[in-house]
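A short reminder: the numbers here are calculations on the coordinates, not readings from a lab. All of these numbers come straight from a predicted model, not from anything done at the bench. Every residue, glycine as well, gets a Cβ built from its backbone with ideal geometry; the counts of neighbours run over all protein chains shown.
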Amino acid sequence: MKDMDIHKIKKQLMKALDEKRYEHTLGVAYTSAALAMCHGTDMHEAYIAGLLHDCAKCLDNEKKIHICHKHGINMNEAEQKNPYLLHAKVGGYLAEKKYHINNEDIINAVVSHTTGRPAMSLLEKIVYIADYIEPGREHAPNLALLRTLAFHNLDEALLQILEDTLTYLHESGKEIDPMTQQTYDYYKGLTK
């Protein structure tokens, strides 16, 4: 993918996202590229994945549900109750169909950026973590620690973010997507 493609994607995203979401998207893209540089993987792919991670975030819930039904995208019970959770799966679909991404790792990074999944690729971990630690993010537990940790040990940062997310969801009584718990259990199991 060429720089011209990045420019084209940014122009499309400016139209698809509100201003605050677009700023967040740029923060995730830059953070993803920095993490990729630090951890020895493709910065360009990380930047693209970061740019596209929330490409479906500003679609209304009915549109997300319609896209899932029309294109056979599976919805679990948590997503059916809370369709805003569908933006990652719908985003993966849009990354391929609207933004013409044919790199499976980038698409998977978009799909898994909210819940994670067991056995994530390096790129998937990077985008998941970058979404949490990007510079515009202000209200999250252990943020200063996680920003440092992410550049030293991705798996430790990932596990801490998953733990903090599950704690927050439990304490606030919000719906927990089963994949978030499965991802945490998987990575917690690796540390034993």
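Overview of values
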{"item": "Residues of the stretch 92-124 with amide N under 20 Å of a point placed 7 Å along Cα→Cβ from Lys11", "result": "95-102"}
{"item": "Alpha carbon convex hull of the chain, volume per residue in cubic angstrom", "result": "115 Å³"}
{"item": "Ascending count of other beta-carbon atoms within 10 Å, so fewest first, for Val127, Val111", "result": "Val111, Val127"}
{"item": "Förster radius 25 Å - calculated FRET efficiency between Glu62 and Lys174, Cβ distance, rounded to 0.05", "result": "0.75"}
